Amino acid sequence: MPAASRTRIEPLEAPLYPDFPFDPSTPRGGQPAFWVGPRYLAGDDGRLYDAVANTLSGLGWTSLTIVRGRHQPDEADEDRQVLRSTILHISPDTLRWAQWSLADEPFHLGDLPIAWQVSARPDTSSPLAQWSAYFTCGVPGESVADFLVALDARDQPAVPIAGPELVLDAVASHGWFRDIDQPRAAATDPTFTSHISLGEVPPLIQDGDPRALTTEVDEVGSAGWQAWAEPALGAPCLWAVSFGASVPHDLVAAFASSLSSTAPVLRRVLPEATQARLLRAPAI
């Protein structure tokens, strides 16, 4: 991930109701619901699949469960050993799809397992994706869902229609600060814990840009948007997102706008690393 800003301030947020702390170890059914903010530190509530899958179902996408494993002759179904399993959601025009791979053997981004991979292609004659975006566990499900709603609304999901400035404008309108050293390529939230930056994409990020395949070891690769949350300097990331170089900027802006939104989100379980930074009020 790109280097974070060298300046850090203490968070301004404080619990509104400290007598009602979140305890991730408590069974989910016994947890009261709270409205919390900011959402970029609110985690995924342990519902990242449900939040996104419900949105895709509402958009009319088809879901398929892909299971690969070993099945011995005369072996009962309940004894079958499943080695790999993914859930694939496909749009009606088959130009875009989202794959839940957490139950599989996901690769990692920011030392976190990839949960959702979203891809799109320009037309049905192309068997390969033009671009892909990757979301780890911990990303607010609302923001992934808003990204997919914007993707679904596009007639041509692989055609760029705006420049990178749109992404920075989206977060700046919600109070994020442009990076002093890279004002046209990076921004951070007011507490300097969450970041979005346009820079070289990490290894293994799939993209239709041929430059991603021809870059030499000593050359700078193609640039794509990266976002992540680091609750404390040097601490493990809370979540991470990587957009391939060919992901249209307006779609990244839809994600960034939702991520930085000041509107509260409903949560029952919060990440331990960010509990003290969050405003919360009971959802009555």
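The values are calculated or read from the model by the stated rules, or taken from the named source; none is laboratory data. Note that the structure is a prediction, hence the values are computed from the model and not measured. Note that we place each Cβ from the backbone using ideal geometry, even for glycine, and neighbour counts take in every protein chain shown. Surface areas here come from the heavy atoms of the whole protein model, side chains and all, with no ligands, DNA or RNA. Shrake-Rupley method; radii C 1.70, N 1.55, O 1.52, S 1.80 Å.
Points to keep in mind about this one:
- Computed 3J(HN,Hα) for the stretch 113-130, one whole-Hz value per residue from the Karplus formula 6.51 cos²θ - 1.76 cosθ + 1.60 where θ = phi - 60°, is x, 5, 9, 10, 10, 10, 9, 8, 10, x, 7, 6, 6, 9, x, 10, 6, 6, glycine and proline marked x.
- Rounded to the nearest 10 Å², the accessible area of His174 at probe 1.4 Å: 60
- Summing +1 for each Lys or Arg and -1 for each Asp or Glu among the other residues whose beta-carbon sits under 12 angstrom from that of Thr136 gives -2.
- Measuring only protein heavy atoms, the 1.4 Å probe finds Arg68 accessible over about 110 Å².
- Projected onto their three principal axes, the Cα atoms of the stretch 100-207 cover extents of 43, 32, 26 Å, largest first.
- Rounded to whole Hz, the Karplus (6.51, -1.76, 1.60) HN-Hα couplings of the stretch 226-235, x for glycine and proline: 10, 9, 6, 10, 10, x, 8, 4, x, 7
- Residue-wise HN-Hα coupling along the stretch 139-156, computed from phi with Karplus coefficients 6.51, -1.76, 1.60 (Hz; x: Gly, Pro): 5, x, x, 4, 6, 5, 5, 5, 4, 6, 4, 5, 5, 5, 6, 7, 6, 10
- Net charge over other residues, Cβ less than 14 angstrom from the Cβ of Pro183 (K, R count +1; D, E count -1): -2
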